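Notes for the one structure printed next.
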Amino acid sequence: MQNYGQEALAANERESENLSTAKPRIKTFSKAYWREAARLFKNVRILAFAALICALRVAVKMFSVPVAPGLYLSFDCYVNAVGALVYGPLVALGVGAVSDTIGALLFPKGPYFFPFIVVEMASGFIFALFIWRKKLTATRLLTAKFTVNFVCNIILTSLIQKWYYALFEAEKVYYIINGARIVKNLVLFPLEATLICLLVNALLPGLKALRYADKDQQGIPLTKKEIVCCVLLAVFSVALILFYIFFLKDFVAAHNFKLF
């Protein structure tokens, strides 16, 4: 029994070593990409890391930082991005499903509506499509975060929320196209994207050392173009939030358009 356990451990170490030496860039729509993503379900170390991300995603949802009146910075997207970088799109779907279910059981926020699980699953899946086994750039991470905000926070959440009201609270009207909600997501997006760039770059060396990321995986290169992009994004984030506080918040409240 002891020899069997040692052999299993050695096999898992070899699997981890293979993952750490694999080339990071694989075409997203190739069979090799999805085979590699599915293979991670057999890696115990990756599943253990996924379990840690699940726990963190549940924990961080209890906290948020007020940035401006009506604007709150949550931490889920940062944990989500780091996890997606390690375990790819298919494991990300499972992590989203498990973390949403556990969070709803341990820390319920009103009635639980099962379809919201799709939002949690989709956010990790989208992040992974952009950054798992891909060359990391500020532009790529920015695009990934914008896509998550638009698809998950604005479209999917709104559709499911409207569905929920139609089934259980018919007297309430929920508008999918809501100016205030769209503006809030867009205002926070540059700040969140900037912080994700900084976090991924800071944690990548440690992930590589622990063989959770490929040895060939490079962080955001500190070229003049990337540095300028990050600095401009940070400055734009601050300017946009100040613009929201002193002008846009009141304007949107007075002229909030609601459709559908």
statement: Listed by first then second residue, the pairs whose first member lies in region 144-156 and is closer than 9 Å to I126 by Cβ, whose partner is charged (D, E, K, R), with beta carbons under 6 Å and at least 6 positions apart or on separate chains, are none
task: Pick out the one residue from L136, L156, L56 that is in contact with a helix residue (DSSP H, G or I) (Cβ under 7 Å, 6 or more places away or on another chain), open to solvent by 60 Å² or more (accessible area, probe 1.4 Å) and under 27 Å from W34 (Cβ atoms).
output: L56
- prompt: Which residues, taken from region 212-233, are under 30 Å from G70 (Cβ atoms) and at pLDDT 80 or above?
  reply: V231, L232
- line: Selection from region 67-77 of residues part of a helix (DSSP H, G or I) and either open to solvent by 20 Å² or more (accessible area, probe 1.4 Å) or within 14 Å of A48 (Cα to Cα) (or both) yields D76
message: Can you tell me which residue is modelled with the highest pLDDT among those in region 166-197 that are among the small types (G, A, S) and open to solvent by 50 Å² or more (accessible area, probe 1.4 Å)?
response: A166
- request: All but one of (1) assigned to a helix (DSSP H, G or I); (2) closer than 30 Å to I46 by Cβ; (3) touching a residue at least 12 places away in the same chain (Cβ under 8 Å) hold for R140, so report the exception by its number.
  value: (3)
field: Where a residue in region 207-226 is within 16 Å of A84 (Cβ to Cβ) and its partner, wherever it lies, is assigned to a helix (DSSP H, G or I) and β-branched (V, I, T), with Cβ under 6 Å and at least six apart
entry: Y212/V86
query: Counting just the residues of region 198-215 that are in contact with a helix residue (DSSP H, G or I) (Cβ under 7 Å, 6 or more places away or on another chain) and assigned to a helix (DSSP H, G or I), which one comes out most open to solvent (accessible area, probe 1.4 Å)?
result: L203
query: What pairs can you find where one residue is in region 104-122 and at pLDDT below 90, the other is part of a loop (DSSP other than H, G, I, E, B), and their Cβ atoms are less than 9 Å apart, with a gap of 6+ or different chains?
result: A104/Y112; L105/Y112; F107/K61; F107/M62; K109/K61
- prompt: Only one of A122, A84, A92, A97 is over 30 Å from Q218 (Cβ atoms), open to solvent by less than 50 Å² (accessible area, probe 1.4 Å), of a type in the set (G, A, S) and assigned to a helix (DSSP H, G or I); which?
  reply: A97
query: Yes or no: I220 outside any helix (DSSP H, G or I), open to solvent by less than 40 Å² (accessible area, probe 1.4 Å), under 17 Å from F127 (Cα atoms) and not hydroxyl-bearing (S, T, Y)?
result: yes
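The values are calculated or read from the model by the stated rules, or taken from the named source; none is laboratory data. None of these values were measured; they are calculated from a predicted model. When we count neighbours, we look across all protein chains shown, and the Cβ atoms used for this are built from the backbone with ideal geometry, even at glycine. The area values use the complete protein model at the heavy-atom level, side chains included, leaving out ligands, DNA and RNA. Shrake-Rupley method; radii C 1.70, N 1.55, O 1.52, S 1.80 Å.
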